[in-house]
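The values are calculated or read from the model by the stated rules, or taken from the named source; none is laboratory data. Since we're looking at a predicted model, the values are computed, not measured. No Cβ is skipped: glycine too gets one built from the backbone with ideal geometry, and neighbour counts run over all protein chains shown.
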Amino acid sequence: MGHFCVNCGTALVTRVIEGREVEACPNDSFVLWHDPKVSTAVVVETDGGIVLGRRSIEPGYGLWCLPGGFVNDDEDPAAAAVRECLEEISAPVEVTGLIGVFHIAKTDAPSMVGVAYRGRLVDGARPSAGEEMLEVGVFPLNSLPPLAFPSHRTVVAEYLKSQAPAEAAALPTAAAAAQSAAKPSARRAPTRPLRRR
């Protein structure tokens, strides 16, 4: 499909700019840059797991996904994430952290930059299916259903990795508490000097 200059209406031609083939106007400085779309996804934490929605639209009709969607050109990505949650799971969500920023390569459409957040339901809100969902559910982290999109699988994997250090940090604290509760010994064990290499 041919594209035309937004300034003068002339058919664009292929030019090499910055080492990349792009469509540009032969009469003026207009260049059609194929910039990525920006999207969001939110891992919404709640008692018992995370909130997922089963899609009522393509792509991925009938499959489970994280709430999220495209960022409008006048929106902050975190505000877009909150808006998308309200639209898709009909519940207000507070963004509590950033999971990561991901490149989502596409072969049949412009690529995307995905911004993934951690969030929580606000003040005991209960999620329910919005227009783009057949249903919503809360799933324990150890029994998630297959997800519609590879990007959502990546986000959940990163989220799970971020949970591991928090759980590991809790173990030494619990061990220290148990040790301090134990009866103190009358004699301190001798310490060995640190080995240096």
Among residues of the range 113-142, those that are more than 19 Å from Val82 (Cα to Cα) and assigned to a strand (DSSP E or B), counted: 2
Name every residue in the range 25-46 that is under 20 Å from the mean Cα position of the chain (by Cα) and either part of a loop (DSSP other than H, G, I, E, B) or not polar (S, T, N, Q) (or both), in order of residue number. Asp35, Pro36, Lys37, Val38, Ala41, Val42, Val43, Val44, Glu45
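Residues are listed down the side, and each one gets a yes or a no for (1) at pLDDT 60 or above; (2) closer than 30 Å to Val115 by Cβ; (3) in contact with a helix residue (DSSP H, G or I) (Cβ under 7 Å, 6 or more places away or on another chain); (4) not in a helix (DSSP H, G or I):
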site: Val155; (1), (2), (3), (4): yes, yes, no, no
site: Tyr159; (1), (2), (3), (4): yes, yes, no, no
site: Ser162; (1), (2), (3), (4): yes, yes, no, no
site: Ala166; (1), (2), (3), (4): yes, yes, no, no
site: Gln179; (1), (2), (3), (4): no, no, no, no
site: Ser185; (1), (2), (3), (4): no, no, no, yes
Report whether or not Ala91 is assigned to a helix (DSSP H, G or I) and within 19 Å of Val138 (Cα to Cα). no
Output yes when any residue across the range 104-111 is closer than 27 Å to Ala164 by Cβ and crowded, with 21+ Cβ neighbours inside 10 Å, and no when none is. no
Consider only pairs whose beta carbons are under 7 Å apart and that are at least six residues apart or on different chains; among these, list those whose first residue lies in the range 90-109 and is at negative phi and acidic (Asp, Glu) and whose second residue is surrounded by fewer than 18 Cβ atoms within 10 Å (Cβ to Cβ) and outside any strand (DSSP E or B). Glu94/Val122
Restricting the first residue to the range 56-73 and requiring it to be closer than 14 Å to Arg153 by Cβ and modelled with pLDDT of 95 or more, which pairs with a second residue that is among the acidic types (Asp, Glu) and surrounded by 15 or more Cβ atoms within 10 Å (Cβ to Cβ) meet a Cβ separation below 9 Å and a spacing of at least six or different chains? Cys65/Glu88; Gly68/Glu84; Gly68/Glu88
Every residue in the range 53-70 that is over 13 Å from the mean Cα position of the chain (by Cα) and either over 13 Å from Glu84 (Cα atoms) or not small (Gly, Ala, Ser) (or both), please. Arg54, Arg55, Ser56, Ile57, Glu58, Pro59, Gly60, Tyr61, Gly62, Leu63, Trp64
